[in-house]
1. Quick check: from the Cα gyration tensor, does segment B:313-405 come out rounded (a/c under 1.5), prolate or oblate?
2. Counting only the backbone N, which residues of segment A:127-152 are under 19 Å from the spot 7 Å out from the Cα of residue A:118 toward its beta-carbon?
3. Relative contact order of chain B, please, whole-number percent, based on alpha carbon pairs below 8 angstrom and at least 6 residues apart.
4. Looking only at other chains, what is the average number of their beta-carbon atoms within 10 angstrom of each beta-carbon in A:11-21?
5. Loop only by DSSP, 14 or fewer other Cβ within 10 Å of the Cβ. Give me the GluC sites (Glu not before Pro) in segment A:135-179 that pass, ordered by residue number.
6. So, in nm, how far is label residue A:245 from label residue A:205 when the simple model puts each one 7 Å beyond its Cα toward the Cβ?
7. Less than 10 Å Cβ to Cβ from residue B:194, Lys/Arg counted +1 and Asp/Glu -1: what total charge do the surrounding residues give?
8. Report, in listed order, any pair from A:367/A:408; A:172/A:205; A:436/A:465; A:119/A:180; A:70/B:262 with a Cα-Cα distance greater than 18 Å.
Amino acid sequence: MFEANIITILIATLIIIYLTAMLLTKMQKAKQLEQEAEELKKSLDNMDEQAKIIVRTDMELNRIQEELDKKISGLYALQKLSHSISMTLVEDQIFQRLSPEHIDELGFEKSLIFFWNKKGGEFYTKAALGYAEEEKELISAHLNGNKEKFLSLIEADETLSSITMPENFIDKNTLRSIFKASYFILSPILPKQSECGFIFIGTEKTDTLITEGDEELIKILATQLGQALENARLFEKTWNSQRELEEKVGERTQELTAALEEVKKMNKRKTDFVSSVSHELRTPLTSIKGYAAILLTGKLGEIPTEAKQRLEKINRHSDELGHIVNELLDISRIESGKVTMSLEPWDLREVINKIEDLLSGQLKEKKIDLEILVQPKDFKVLIDQTQIGRVFINLIGNAMKFTPANGKISVSGKKKDGMIQVDVSDTGCGIPQEAKDSIFEEFFRVENSINQEVKGTGLGLALVKRIIEAHQGKIWVDSVMGKGTTFSFTLPQG
Amino acid sequence: MNLVNNFVDPQSKKCYIIKPMQIGVGFSSNNDHIKAAQEAFNEASSAINRRRPDLALLFNTLKLSHPLVLKTIRDSLGDTPLLGLSSPSIIVNRGSCKNGLAIALFSFPEDIYFNTTCVKEISLNNASSSGEKLGDDLLYGCKGIRRNLSIIFLDGQIPEGENIIFGMQKKVGRSFPMVGASTLGPVYFNNSILNNAACGILFGGKLNFGLGVKHGWQPLGKPRRVTLSSGNTAQEIDNKAAASLYQEYFAKDSSSLKKDLKHISPFYPLGIDISGKKEYLLRSLSSIGESGSLAFNGDIPQGSRIRLMISSKEYCLESTRQAAQLAKESLKNQKAKFILIFNSLARSMLLGRQENIEISAIKEVFGADVPILGAYTLAEEAPLNSTDYLGIPYYHNNSIAILAMAG
């Protein structure tokens, strides 16, 4: 029994010890768990604190992003708007290009543009977006009631907003209620000019944040509107000047055309007159020459020597007169278009050869060397061979006249600007500078000793000019006194 | 010809020619109301080969919310049912648009049925009963027909709009698939432009559709519990004035918190931990009460575990891809013929100038040629587990809900 009790006590003691140990372990674990929970709570709190930092940073970033987005959108809108207004040079159209979409993209809803009418002494509306007609009138009335303040604002060239409005200007809230906008920006247009104005841009949204960036953006817009306006005004000015100039040029052209017509008429009359006089002269001239010739034969009786000498003079002068009449007739025919050039392709050398044959006797007699620098088949020209033959006869004949013995005449050719240029040069006495312009005129003769000695009609070069022009060519002269003269003319290629 | 399919009814053994489903979307940004409506209608109509549409959806931006728009469209539509909404920004294939209107015209095969209705003059007191009425009216005539999906549009100004969903769920069933939006402007129903109203469509028959909804916001900081709340207002969180949560996180006093609400609300919603669901249900802050209470766009149940949520552009975009992928996977390998998107305005604010990358991501999933119609919304209604038929539709904030239709 005792033993049993001892065993029971021992077992109970052991159980107590075990339970105590267990309890101690549990208590230790509970403490540990409590510690862990505390640490976990602390971690959570730390995490929450970190979350706060993250949230605040994120919010700041969002705000910056929003501001950046707004600026980029504004810049895009400004770029579009600038492009749009720069595409027109009509003053009224500049303001019509301002659309509600542009204003919306700039972050606003309404816009007004006022300009100062110096003559009338009041502001007037150039453009209005987002305002009813009666609202526009009310704003206009208020503006003109405070025109000095608005004018001084424009003169100061200051961009103001509902945030930066100075105290001495009109009360911010008054402006808010008149312009029906919670937030707004006001910027002058062409502040240094007499016809200046300003742009107002605003929003009714109460949560709008107007920044310096917005003010800068609207200032740029106002400047660009001003520039576009200046360009349009300058263009209009230039346009008007150009129109005036064009009108004047038109008037002068008309006058000149009329004068030219008159000259043409007079020239025709002259040609007709010369032609008819020449015709009229030719018939009696033929009779005179005929009768003189009959008298000279002596068939009508013996003529005394003195009378014969006179008759020979009549005969010679009649020939000279006939020559003049024929040349005059040729000139007038060419001028009036009565002579048609029968153009055919010719080898230039072949044409010159014929003239060389014709003049070889005279050249030999005068001891003048004719040098032809044009080789056969070098140049093909489209010409009336008979007429161009006359040109060569005249030019080489002239050269022979003014070139002293042992002198030289040369004929050369070259291609130039799709034409064939022919140069006839001599080593003669030359033509004075002042005579060059008149040398192709009818009856003009250079005043020199040779011309006084040698007879001439003064019609040769005039005829040459007409023939060359009838071939769509040009003729001109270069000369150095005492050294020689070169006549150049162009002919179409064959 | 692939334009029609022969269908043999196994019961009646009769052969029907089933016309394929055709959906066309037209868009216009013309500032002239009539021209805009005509241009958009003509584009949509030509996309369905000028067939007479069975149903029309009209989404327009607030600037083009005008009776003339509706009248012009109604003149072209005749008595075809029309539902629609206004939003600050709408979504079409070319991207998001702040000024424009889009029309989707639907021509359904005979084996797809639908019913449309609307409830008007909804107030705080009758939101739930209005929802029940909406459900009842949509179910009318649909007995014995397999019901598939409901699309609803709510005027976002209705207080406690979530109750409309609860009311409707009482009638159509809690797990009945639903996709919808609360918008910033009025809703359209046939000839009417309605405020304080809700309208909806209930589809039945063999409609092949897929739904995806995601938000991409992640929990931040330690979990908290709503200790006192009623409806959409939380009075206390962790036994402290609810506003102190935001005050602590943003180191702001009550007045500066109110001032900065516009910058806080879209980016930092609260996430409600829904038991058994992976995703948190988001609630964005709508106002701060004088007593320090917080009002949200949607109910915040008392006792719910909540976390402050944060997101980034990358997370937001990834969630869009996931939502699109979920919707696509439910189409049973059929190519989508139409995509309807309800995208939270908060997401648009988060993405800023890059908001169109979401639409590009959706087009990458479905193909660029699939017509898209969508709107930016105040709240979205869709099942939390989108692909699960038993998923219960919730009233979401900051989410993108994508509905894809095939057939």
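The values are calculated or read from the model by the stated rules, or taken from the named source; none is laboratory data. What you are looking at is a predicted structure, and each value in this text was computed from that prediction instead of being measured. In this analysis, Cβ positions are derived from the backbone assuming ideal geometry, glycine residues included, and neighbour counts consider all displayed protein chains. Just so you know, the surface numbers come from the protein's heavy atoms only, side chains and all, with ligands and any DNA or RNA stripped out. Shrake-Rupley method; radii C 1.70, N 1.55, O 1.52, S 1.80 Å.
1. Oblate, since a/c reaches 1.5 and b/c is not below a/b.
2. A:147-152
3. Contact order relative to length: 18 percent.
4. What the average comes to for A:11-21 is 0.
5. A:167
6. Going by the 7 Å Cα→Cβ label model, 5.1 nm.
7. Around residue B:194, the charge tally is -1.
8. Table pairs above 18 Å Cα-Cα are A:119/A:180.
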